[in-house]
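A short worksheet on the structure shown next.
Coordinate-derived values only; no laboratory data. Quick caveat, the model's predicted, so the values are computed rather than measured. Neighbour counts run over all protein chains shown; Cβ positions are idealised from the backbone, glycine included.
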Amino acid sequence: MGGGCVRRSFRFLLRLTARQAAALAACLEDHRTLYNAALEHRRTAYARAGVSVRYGDQSAELKHIRADDPDGQGRWSFSSQQATLRRLDKAFRAFFDRVKAGRTPGFPRFKGCGWFDTVEWPKDGDGCRWDSQPEHSTATYVRLQGVGHVRVHRHRTVQGRVKTIAVKREGNRWFVVLSCDDVPAGPLPATGAAAGVDMGVASLVTTSDGQPLTNPRHLAASADRLAAAQRALARKKRGSKRRRKAVTRVATLHAKVRRQRLDGAHKAALALVRTYDVIVHEDLRITNMTRSASGTIQTPGRNVAAKSGLNRSILDAGWGVFLTILAHKAESAGRKLIAVNPAGTSRTCSRCGHCAKENRVTQAEFACTACGHAAHADVNAAVNIMRAGLALRQAAQAA
Ligand SMILES: [Zn+2]
């Protein structure tokens, strides 16, 4: 625990001048055009001769493309353009892997205007420079080839060594994303506290202390809308204009759910690592199996619990995201994470240990038929999860 180094990314808002915003938009657009042209090249070669064009071929051609278009493609970083070609290469590799696996994947697609939002510079100092300070000594700038020195709203310190720099457009805002190596894993001070967490749908996680770290209401609302949009899409005729519209709506809502889910997961994980030295959670692989088999998920209860299967699966998908984020944060904070088998945790009384299906009155309520202990069902489960984890740890330490 503690010590060691990790890789971490830092994301900051860019404060662009009007001229820089125009240049960056042109930069993104040219990278998109390059991506689509390279895709067209590969498609044609594949369709006409069954030949697959390699990354090396396309990268070699880049020199000519730049030379022929000095005021267009020639303005931008060679390396960022190579990164774009590599991105296409990755899409093709994934495509051929799926073909090899005997599936029938869709061919890599052309990127429409709103579907290409990132330019990456694979190496700091090559067509880009982090923390480049032209005249200002207090502000932070990033220099981007063809765009200039762009001011960065650096709301926190960057640690480690900047490895790659990316610029991402989100709506009408632009962000710089730094991927840093050798970030010291800074352990947080010990709190002496441990917690079990129960993962649910109404609340993303509930702790054994009784803290619900709730799925934001707006996430549930977006999941509803996404489920409805997906049902609507299924009813549209293939190739119709209405279908294209419905596809766009589903994609937009997907992106929104993903953003809200990430945001909620980050907040919940941060709250946990700040408060607890030891965090015990359910082993997700086992959880998914047992829950779908036992059908407890279908038990009607509070708000979200009664929703359709599609909506549920949208919300459930947040658990994996949450655990990944929690694992990262726990590692860099020097916290201990323990995964336990969740079997029986929702039916067992956390006071007397009596295990019975009847203990679970509703989705939300737990009342022990042996000792009368009554609690919120998620809190009762979280306490059991914590006990199981601490027992595991004790056994490991004794061994
Ligand atoms: Zn009991």
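Placing unit charges on the Cβ atoms only, positive for Lys and Arg and negative for Asp and Glu, gives the chain a dipole magnitude near 1660 debye about its Cα centre.
From the P(r) of the chain, could you give the percentage of C-alpha pairs in the tail past 42 Å? When all Cα pairs of the chain are counted, 28 percent exceed 42 Å.
Taking other residues whose beta carbon is less than 10 angstrom from the beta carbon of Val177, and scoring Lys, Arg as +1 and Asp, Glu as -1, yields +1.
What fraction of the Cα pairs in the stretch 5-184, stated in percent, has a spacing above 29 angstrom? That fraction is 28 percent. Stretching Val177 away from Asp283 to a fully extended chain increases their span by 35.0 nm, per 0.36 nm per residue minus the current alpha-carbon distance.
Electrostatic tally near Ala367: other residues with Cβ closer than 10 Å to its Cβ, Lys and Arg +1, Asp and Glu -1, net -1. Given their separation in residues at 0.36 nm each and the Cα-Cα distance between them, Arg98 and Val247 gain 51.3 nm when the chain is fully extended. Full extension of the segment from Arg19 to Ala399, taken as 0.36 nm per residue of separation minus the current Cα-Cα distance, would add 130.3 nm.
When the Gaussian network model of the chain links Cα atoms closer than 10 Å, the mean-square fluctuations of Phe95, Phe78, Phe12 top out at Phe95. When the pairs Lys111/Lys329; Lys256/Lys357; Lys123/Lys329; Lys168/Lys267; Lys63/Lys163 are compared against a 27 Å limit on Cα-Cα distance, Lys111/Lys329; Lys256/Lys357 fall above it. Excluding same-chain neighbours fewer than eight residues apart, the lysines reachable from Lys237 by a Cα-Cα span under 19 Å are Lys245. With the convex hull constructed from alpha-carbon coordinates only, the stretch 183-254 shows a mean projected area of 8.4 nm² over all directions.
Using every pair of distinct Cα positions in the stretch 36-92, the Kirkwood expression returns a hydrodynamic radius of 11.8 angstrom. Since only Phe116, Ile165, Gln145 are under comparison, the one whose Cα sits farthest along the positive direction of the charge dipole of the stretch 74-167, derived from C-beta charges on Lys, Arg, Asp and Glu, is Phe116. Treating the angle as unsigned and between 0 and 90°, give the value, to the nearest 10°, between the Cα long axis of helix 217-235 and the longest Cα principal axis of the chain. Rounded to the nearest ten degrees, it is 70.
Quick one: helix 55-68 against the long Cα principal axis of the chain, what's the angle to the nearest 10°, folded into 0 to 90? On a 0 to 90 degree scale, this one is about 40. Once both labels are positioned 7 Å from their Cα atoms along Cα-to-Cβ, the gap between Arg351 and Ser240 label points is 5.9 nm. Checking Cβ-Cβ separations below 4.7 Å across the chain identifies Cys5, Cys27, Cys113, Cys128, Cys180, Cys355 as cysteines lacking any candidate disulfide partner.
Helix 18-49 and the long axis of the chain differ in direction by around 90°, with both axes built from C-alpha atoms.
To the nearest 500 deg cm²/dmol, what mean residue ellipticity at 222 nm is calculated for the chain from DSSP H runs of n ≥ 4 alone, each contributing -39,500 (n - 2.57), summed and divided by the residues? Can you show the working numbers first?
Numbers: 9 runs with 180 residues, N = 399.
-15500 deg cm²/dmol, from helical runs alone.
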